[in-house]
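K.L.:
Handing you this structure, nothing more for now.
The values are calculated or read from the model by the stated rules, or taken from the named source; none is laboratory data. Remember, it's a predicted structure, so these values are computed and weren't measured experimentally. Neighbour counts are summed over all protein chains in view; Cβ atoms, including those assigned to glycine, are modelled from backbone coordinates with ideal geometry. To get the accessible areas, we keep the full protein, side chains included, count just its heavy atoms, and leave off ligands, DNA and RNA. Shrake-Rupley method; radii C 1.70, N 1.55, O 1.52, S 1.80 Å.
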Amino acid sequence: MAAHTMKDPIIYTQLEQIEGPLIALVATLPGIGFGEAVQVADREGRIRHGRVAQLDGDKVTIEVFQGTTGLAKGSQRIRFLGHPITLTVSESIIGRRLNGIGAPIDGGPPLTGTALNINGSPLNPTARAYPHDFIQTGISGIDAMNALVRGQKLPIFSSSGLPHDQLAIQIAQQARIRPDLSKSTAGEKDSEELVVVFAAIGVKHDVAVRFAEEISGRTVSFLNLADDPVMERLLTPRVALTAAEYLAFELGLHVLVILTDMTVYGEALREIATARGDIPSRKGYPGYLYSDLATIFERAGRIKGKPGSITQIPILTMPNNDITHPIPDLTGYITEGQIVLSRDLFRQRVFPPINLPPSLSRLMADGIGQGLTRSDHQPLMEQLYAAYARAEEVRMMTRIVGEGDLSTVDRCYLEFGQCLERSFIAQDLTEDRSIEESLDIGWRALGCLPREELTRLSATMLETYGSLLDEGLDPGLEREKD
């Protein structure tokens, strides 16, 4: 049956049930569609917004974004609008600060332009272009070891109390695209600025103020506060991605979307699913958690024939630091890798505390190398990983036998591990390193090791960058002074 239109709204006045953020009607309502926008007017005439969440025979369940407090059976009018939830977009949205459902909170004028469905349009997988082009974040632990490429979705796995908010701010301020230099024409820019779409989900007021003050430039911010209705948290990432899709695929811009915190989103989804009576799965989350997350994460990418792109960095906090928790577990299946933060490094005052061994960027190889970053990038990264893994083994052995019984080579690995953490992974909160600087620091850190231990590097590379090896690094003395 064809859905009704705005010219023919359906108005209903009798509620059957109110439970949490949900209200239910039992009536024959022809033409109502799943996800349809709804307006609920209470007895004082105040308008609340919602959407159709479930259709079961003659029962219609509606999610009310502003909550159901103060509503009562038979005391309000419910208007079905005949269209899904939309966001009004235009080029003027850049620089705006909006709430979790896309309403301005920066004192500026209302949004004008085109109204777009926040659920996006289905994209044929064959229309996707493969992600490529290195994105420089200015952070060595990401750029040199887990490079982000244009069109990729690369989440950050964190835990409560770790500085993922500060890391998100730094990435938003510093991210730049480095085009393929081998295909660039003379006079083309070395890098291209990204438009950042930043969505904060369920954050405290002080965190929201911090985001608003520190994220500037070509940015669109969506801030959903902790005391906002839980329903809004389900809309915030979709509203943000709708803005990103317009900027990328209609205006041809390169967009970086940062979503924090997707664990809060998952908890909101669980709460609403429980209120609806959905069958729970692992840890009480609904069985459709995977497909729901996929509808968000899969909105990143590039489209053939269109110049714009969407690169996505979701941030999530792992409950009890458990990477096997359903949200990080399923996120890892959908996305192309993960950046994992370490509480041990954080205790040692290393920022950003990126835990290299479990971190991974599956598309890194397609965005680095000659013409994109530097010819030594891949082998240097492999050597740093191998040496750091050996340093971790030596540290564990030291706890058992003591440092006095270590061989000379093992002591070199201990020194290397400290150098890598204190001078390569660690950097200042506003330090924006080029990829060349990050790679050079990596070479200097390897100077702690004997040349015969550098088995992942060719003789040609050792000869080319031997001077950096000879310079070496003092293991963290500069950081210790701070």
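K.L.:
Set the Förster radius R0 to 41 Å, insert the Cβ-Cβ distance between GLU250 and THR455 as r into 1/(1 + (r/R0)^6), and round the FRET efficiency to 0.05.
P.N.:
Rounded to the nearest 0.05, the efficiency is 0.25.
K.L.:
Per-residue accessible area for ASP432 at 1.4 Å probe radius, Å² rounded to 10?
P.N.:
80 Å²
K.L.:
Then there's this: Considering amide H positions built from the backbone, and no H for Pro or chain starts, which residues 5 or more places from VAL149, or on another chain, come under 5 Å of its amide H?
P.N.:
ILE135
K.L.:
Stokes-Einstein diffusion coefficient for region 233-354 at 25 °C in a medium of 0.890 mPa s, Rh from the Kirkwood formula over Cα pairs: what value in µm²/s?
P.N.:
In µm²/s, the coefficient rounds to 155.
K.L.:
Which whole-Hz ³J(HN,Hα) couplings does region 265-272 yield from phi under the Karplus relation 6.51 cos²θ - 1.76 cosθ + 1.60, θ = phi - 60°, glycine and proline marked x?
P.N.:
Once θ is set to phi - 60°, the couplings for region 265-272 become 4, x, 5, 5, 4, 5, 4, 5 Hz.
K.L.:
Dividing the Cα radius of gyration by the Kirkwood radius, what Rg/Rh value follows for region 354-482?
P.N.:
Result for region 354-482 is an Rg/Rh of 0.96.
K.L.:
Tell me, what HN-Hα J-couplings in whole Hz come from the Karplus equation 6.51 cos²θ - 1.76 cosθ + 1.60 at θ = phi - 60° for each residue of region 359-368, using x for Gly and Pro?
P.N.:
The phi angles translate into 7, 7, 10, 5, 9, 4, 4, 8, x, 10 Hz.
K.L.:
Using the Karplus curve 6.51 cos²θ - 1.76 cosθ + 1.60 with θ = phi - 60°, work out ³J(HN,Hα) for each residue of region 120-134 in order, rounded to whole Hz, and write x for Gly and Pro.
P.N.:
Working through the residues one at a time gives x, 10, x, 10, 4, x, 6, 7, 6, 9, 5, x, 7, 6, 5 Hz.
K.L.:
Loop only by DSSP, 16 or fewer other Cβ within 10 Å of the Cβ. Give me the GluC sites (Glu not before Pro) in region 25-123 that pass, ordered by residue number. Before the final figure, lay out the partial values.
P.N.:
Values: sites: GLU36, GLU44, GLU63, GLU91; in loops: GLU44.
In loop regions of region 25-123 (DSSP not H, G, I, E or B), the sparsely surrounded GluC sites (Glu not before Pro) are GLU44.
K.L.:
I would also like to ask the following. Report the relative contact order of the chain, percent, no decimals, based on alpha-carbon pairs under 8 angstrom and at least 6 residues apart.
P.N.:
It comes to 15 percent, rounded to a whole number.
K.L.:
A further question on this structure: In the chain, what percentage of the DSSP-assigned beta bridges are antiparallel, given to the nearest 5? Present the calculation step by step, with values, prior to reporting the outcome.
P.N.:
Details: 47 of 76 bridges.
Percentage antiparallel, nearest 5: 60.
K.L.:
Taking a virtual spin label 7 Å from the Cα of LYS306 along the C-beta vector, which residues in region 224-245 bring their backbone nitrogen under 12 Å of it?
P.N.:
In region 224-245, the label zone of LYS306 (backbone N under 12 Å from the point 7 Å along Cα→Cβ) covers 242-245.
K.L.:
Over region 179-333, with every protein chain in place, what whole percent of the accessible area is carbon and sulfur at 1.4 Å, could you tell me?
P.N.:
C and S atoms contribute 50 percent here.
K.L.:
Under a 5 Å amide H to amide H cut-off, with H placed in plane at 1.01 Å, what residues pair with VAL197 once short-range neighbours are removed?
P.N.:
VAL220, LEU256, VAL257, ILE258
K.L.:
Please compute the per residue accessible area over the chain with all protein chains in place, 1.4 Å probe, rounded to a whole number of Å². Can you show the working numbers first?
P.N.:
Details: 20700 Å² over 482 residues.
Solvent-accessible surface per residue comes out at 43 Å².
K.L.:
On to the next question. How big is the gap, in Å, between the Cα center of region 373-389 and the Cα center of region 255-283?
P.N.:
Measuring centre to centre over Cα atoms gives 37 Å.
K.L.:
Something else about it: Only four residue types carry charge here, +1 at the Cβ of Lys and Arg and -1 at the Cβ of Asp and Glu. Report the dipole size of the chain about the Cα centre in Debye, rounded to the nearest 20.
P.N.:
With only Lys, Arg, Asp and Glu charged at Cβ, the dipole is about 1640 debye.
K.L.:
Counting Lys and Arg as +1 and Asp and Glu as -1, what is the net charge of the other residues whose Cβ lies under 11 Å from the Cβ of GLY113?
P.N.:
Summing Lys and Arg as +1 and Asp and Glu as -1 gives -2.
K.L.:
Next up: Leaving out ligands, DNA and RNA, what percent of the accessible area of region 12-84 is carbon and sulfur, probe 1.4 Å?
P.N.:
On the way: 1580 of 3320 Å².
Exposed carbon and sulfur together represent 48 percent of the surface.
K.L.:
In whole angstrom, and with the biggest value first, how far do the Cα coordinates of region 303-410 range along each principal axis?
P.N.:
62, 39, 24
K.L.:
Now a separate question. Tell me which trypsin sites (Lys or Arg not before Pro) from region 298-379 have a DSSP coil assignment and no more than 11 other beta carbons within 10 Å of their own.
P.N.:
Listed in order of number, the matching sites are LYS304.
K.L.:
Quick one: helix 230-245 against the long Cα principal axis of the chain, what's the angle to the nearest 10°, folded into 0 to 90?
P.N.:
Orientation of helix 230-245: about 70 degrees from the principal axis.
K.L.:
Hey, another quick one. Could you give P(r) for the chain, binned at 20 Å from zero, as whole percent values over all Cα-Cα pairs?
P.N.:
22, 49, 22, 6, 0
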